[in-house]
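Engineer: This is the structure I have questions about; it appears just below.
The values are calculated or read from the model by the stated rules, or taken from the named source; none is laboratory data. Here the structure is a predicted model, which is why all the values come from computation and not from measurement. Cβ sites come from the backbone with ideal geometry, for glycine too, and all protein chains shown count toward neighbours.
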């Protein structure tokens, strides 16, 4: 029985590395091209969020800062991973900080999912800690957002930590439950 589990895990990891080539993970881009791509993703994600939840625009305008991430999640047999990048924006300084993210977990299934996340910070400490110390979601954010027709941004956002709200978007629109367990965020030293 142990050999079967080990074989499944090894097959999953090998499949991830094979698929990562097909998905363009690790493409050779210059830092300038990568930054431009991330900024374009940020604008596109924010536009999609504002269509889904019009009140989110005011929430972001009144925030200390925000961060936008895009990642591709792969679930093969018993191993799931997600790898992505993003940018945090300080409203006070106007500075952008480029960041990376990665998550790994265990779950049965197969497929590739595209998720985008928008973090909104209501305190300077929460923003500074996220950018300068990195951040790790160690438990499932099970608080479900409440969808209403008025576009109430606070009701649609998910609290994921003190001073931090999250909107998570999928290809189908706003996700009403965050799936960020085991996800780590940190500064991208190559792009800053």
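Engineer: Provide a single number: the residues in the stretch 106-125 that are assigned to a helix (DSSP H, G or I) and either crowded, with 21+ Cβ neighbours inside 10 Å or modelled with pLDDT under 95 (or both).
Structural biologist: Result for the stretch 106-125: 0.
Engineer: So, residue 146, is that one at pLDDT 60 or above and surrounded by fewer than 16 Cβ atoms within 10 Å (Cβ to Cβ) or not?
Structural biologist: no
Engineer: Follow-up question, since we're still on this one. Would you be able to say whether some residue in the stretch 170-187 is modelled with pLDDT of 95 or more, in contact with a helix residue (DSSP H, G or I) (Cβ under 9 Å, 6 or more places away or on another chain) and not in a strand (DSSP E or B)?
Structural biologist: The answer is no; no qualifying residue exists.
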